[in-house]
1. Starting from residues that are outside any strand (DSSP E or B) and touching a strand residue (DSSP E or B) at 6+ places or on another chain (Cβ under 8 Å), keep the ones in the range A:33-52 and report whichever is nearest to the other protein chains (Cβ to nearest Cβ).
2. Report yes if residue B:255 is farther than 18 Å from residue B:391 by Cα and either free of Cβ contacts under 8 Å to residues at least 24 places away in the same chain or under 11 Å from the mean Cα position of the chain (by Cα) (or both), otherwise no.
3. Scanning the range B:299-318 for residues that are touching a Leu at 6+ places or on another chain (Cβ under 9 Å) and more than 10 Å from every other protein chain (Cβ to nearest Cβ), which turns out modelled with the lowest pLDDT?
4. Is the range B:62-77 home to any residue that is in a helix (DSSP H, G or I), under 24 Å from the mean Cα position of the chain (by Cα), closer than 30 Å to residue B:158 by Cβ and in the same structural domain as residue B:208 (by TED's automatic domain parsing)?
5. Looking at B:265, B:261 in this structure, which one is surrounded by 21 or more Cβ atoms within 10 Å (Cβ to Cβ), at pLDDT 95 or above and closer than 14 Å to residue B:189 by Cα?
6. When residues of the range A:54-86 are filtered for being surrounded by 19 or more Cβ atoms within 10 Å (Cβ to Cβ), out of contact with any Asp or Glu (no Cβ under 6 Å at 6 or more places or on another chain) and more than 11 Å from chain B (Cβ to nearest Cβ), how many remain?
7. Please enumerate the residues belonging to the range B:561-587 that are under 24 Å from residue A:86 (Cα atoms), surrounded by 19 or more Cβ atoms within 10 Å (Cβ to Cβ) and within 14 Å of chain A (Cβ to nearest Cβ).
8. So residue B:287 passes all but one of these: (1) modelled with pLDDT of 95 or more; (2) buried (at least 23 other Cβ atoms within 10 Å of the Cβ); (3) of a type outside the set (Gly, Ala, Ser). Which condition number does it fail?
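The values are calculated or read from the model by the stated rules, or taken from the named source; none is laboratory data. In this text, all values refer to a predicted model and were calculated from it rather than measured experimentally. Counting neighbours? That spans all protein chains shown, and the Cβs are built from the backbone with ideal geometry, glycine included.
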Amino acid sequence: MGYMKPEPSASDVMRRKTRRFVILALAVAALAFLAIAAGGINDNLVYYWTPTDLRAAGNKAYGATIRLGGMVSTGSIRHRPGTTGVEFDVKDAGAVVHVKSSGVPPQMFRDNIGVVVEGTMTRGGSFESHRLMVSHNNQYQAPKAGHPTNGKELEKLMRSTEGL
Amino acid sequence: MIATAALGRLLILGALLVSTAGALLGFASGAKRSDEGLRWSKRLAYAFGALMLLATLVMEHALLTHDFSVSYVAHVGSRSVPVWVTIVSLWSSLEGSILFWGLVLGIYIAAATRFSSRGNEESMPYAIGTWLACGAFFSFLIAGPANPFLTISPAPLDGPGPNPLLQNHVLMVAHPPLLYLGYVGMTIPFGFAVAALLRGKIGPTLIRAMRNSLLLSWIFLSIAIMLGGWWAYEVLGWGGYWAWDPVENASLLPWLTATAALHSAMVMQRRGVLKGWTLTLVQASFLLTVLGTFMTRSGVFNSVHSFTQSAIGPTILVFLAAVLIGSVTLLALRIDTLENDGRIDAPVSREGTFLINNLLLVLFTFTVLVGTVFPLVVEAVNGKQMSVGRPYFDSMVVPLGVALLFLLGIGPALPWGRAAREDIRRALLPPIVGGAALTVLGVVFGARNPWTIVTLFAGGYALQVTIVQLAKLRHSRRSVGAYVIHLGVAIAVVAIAISSTMRVQREVVLQQGQSATIGAYTVTFTGTEERSEPHRTSSIARIGVTKNGRAVTTLEPRMNHYEMMREPIGTPDVHSTIGGDLYISIASLEPNRAGLLLIVTPLVSWIWLAVLMMAAGGVIALVRLPRMTPLPALRREGSGEGLAV
């Protein structure tokens, strides 16, 4: 007696079709989600830049959220009249950026100290910051006073304020 | 007499030896089904636990006796810090924390070997083998790249003490151990999952062992995440509890997949489906704890958690890669051996909502994971530093969270299996009353943000469903626990929505005697005070607080100066009430002038309490309480209406 392979029943075919449809739907949903996530990340990146990086970025600097790390130039600190904020210059070995910061500056804020400010560059030529951080990390050694800072040191400085 | 450091090294080498032998023996005796092999694997598992315990005791002894010839003590010890700080110094820096990790792992392995063996004799060798393989890896870390027991000669007379930011608050005692209990605990269900795949079979006793161990670490992880947020709130001074910081995300990721796994395990238990999927989630939870360890301990993200740049990063990365490749290979080769013995009949059913729950939790995990890892990948590729800003996480996660909250209301209202349309309507319509009530209440109190209002509705809906279910007292103990967890989740999500969208913040500079108002509060800067303790000196701003004209309290935010620190560390002070918190932190302080950050946040304390409620629910579901009163009718397992059996 010959063995006959049973024909797939109608419900089996249906089930397989449903399964294929579900897999396809999930794949489309995953792709859509991926696209949304990628767009979301792209719109919300925070760049860690030195004044030199910021100048080098040119027009790209406007509008992006930036964490700018550098040294406070000696004698540049002014209180912003009518507010609790301050303005000052942040410099590294290659460039200087004028920063307008809102909010009360932290206790340790003074001339010649490493700072990280978060905010955006305006077309008016100054950096509007809503967050002013002085390194809290005891591992971080401040560069000697007046010593022009290089990229490596600033990288360390910016890292030291992550997670605060 | 043998030196303390050498004794510690000896114990760790012993642990390395025992765990390596036990791992090999475990897998071998699993393949050969050897009873004798299983017996010896168990002994080696206990021996590993004992050696880790001894090594930790040796380290604590060295810390307490200020034996600075031991490298770790020289690194974090100090004669001038209080005893409690000395004790918890064990987990205040890299080497000690890895040793502590080994201790927790040892205890877990010994306990799981002792309490999960019955009924799982065929799986245990593989499980013990997997656990001890992890044990061997951590023994290797302690013996090699992160050795806390190096000898320092000549021994220094005193040490710098632990990181001041960590000495600054007593929550430091509780947060790290609980996080470790949660993180390391994921090793145990992972071992069971590997065993199930290697055997090609997962039966009721193994499911129970896996779920219980998963639930246990989920409980610890929940509390740890909450304490981490609370600590950030009480110590860091910016007035928030969650910043989507990589280290915070690292603790959240395995929690999300574990939550998904706890739910899919229920479907597996009831309907005989989703076996491979559940095991995948359990493995993912363990992998994410290893990834989290890599991110927090290797120095790729600098924060209060990452201590110094260390050599253990690459080692952990190799371990992560090995576990990942092993898990994926195992799943690919063995997943077909797990036969589904049931199916899901109707999409609109309890199990249907479990599927959506799993999908949403996985998307949630994926969102957070991508946002966290992306900057690392970019930096590895082109060396540019960047991070992903908070708006990304908020905008992605809020809709997912609200959808999950809705599901938390809909799921338990629906019955298992196929249900008549009329029954479904009767189950889903009444809770709309609860949703509407909470929404109205919120709007009356000033909620305007659309997402907050949607959250309030979903929260009210879920609360009504959960409370109605809890009121039906015929549930099994496990379901009561599950509903208590749900109650906590609903309260927590609503409190998070309210506290993050309805907080008011002001920065002021006050001269002595001057006042400022925020919300219903008036704060007056009455003066400063200096206070010195052995390990620090504090400058305190005294702030009188009145509410609607009545004096309520005096707050004392302070700046703490530690001897070994260049910068002072601010500690905010908080006036907590059931309705909300007044939070004051110092930006700058001079004798008669204070720059202050004032924040009024509604319902913050509810978050901490709600998470404790979740943990309590987990404990109720986990602990086998002696039955006080006989249940009206003994139900066959799997026939109750509860969330779980």
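1. A:44
2. Spelling it out, residue B:255 is indeed farther than 18 Å from residue B:391 by Cα and either free of Cβ contacts under 8 Å to residues at least 24 places away in the same chain or under 11 Å from the mean Cα position of the chain (by Cα) (or both).
3. B:310
4. Narrowing the range B:62-77 to residues in a helix (DSSP H, G or I): B:62-64, B:71-76.
Narrowing further to those that are under 24 Å from the mean Cα position of the chain (by Cα): none.
Checked the range B:62-77: no residue is in a helix (DSSP H, G or I), under 24 Å from the mean Cα position of the chain (by Cα), closer than 30 Å to residue B:158 by Cβ and in the same structural domain as residue B:208 (by TED's automatic domain parsing).
5. On inspection, the qualifying residue turns out to be B:261.
6. The total comes to 4.
7. B:567, B:568, B:569, B:570, B:571, B:572, B:584, B:585, B:586, B:587
8. (2)
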